[in-house]
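So the structure is just underneath, and the comments pick up after that.
Bear in mind these aren't lab numbers, they're just calculated from the coordinates by the rules spelled out. Being a predicted model, the structure only gives us computed values, none of them experimental. Ideal geometry is used to build each Cβ from the backbone, glycine not excepted, and the neighbour counts take in all protein chains shown.
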Amino acid sequence: MNDMNRKQRRAARTEGHLDSAAFLKLADKFIDVANQQNKRVNATQVHLACLYASARYSAYVANTILGVPNHEDFVREMTAKYQEMLRQHLADPSLAKPAQT
């Protein structure tokens, strides 16, 4: 998707496809909601609510949109993707706790 020119990217977005920048912008919107909730709710509770929502929406997409015939294969695929994303973000130094002075 990154090899597309601006016109192609706009057409793809019109059809519901996201390029990398639009994908990250959408993800940031979810993070913004979580951060807003974290002003009133403990971060661990927000974290669990996000996990629950992700699992629930993934099940909806698997059953309703994709018609996944083998749920266990889908669970393995999604689990592997989540693990890789989580590892990448855990290694991101910008997410490290600031040093105490």
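Brief remarks on what is shown
- Between VAL33 and ARG56, the C-beta separation translates, for a Förster distance of 22 Å, into a calculated FRET efficiency of about 0.90.
- Label positions at HIS89 and GLU72, each projected 7 Å from the Cα along the C-beta direction, are separated by 2.9 nm.
- Residue exposure sequence - MET78, MET85 - by fewest surrounding Cβ within 10 Å: MET85, MET78
- A cut-off under 15 angstrom between Cβ atoms defines the neighbours of ASN70, and their net charge, with Lys, Arg +1 and Asp, Glu -1, is -2.
- Region 6-97: GluC sites (Glu not before Pro) falling in loop per DSSP and having at most 11 other Cβ within 10 Å: GLU15
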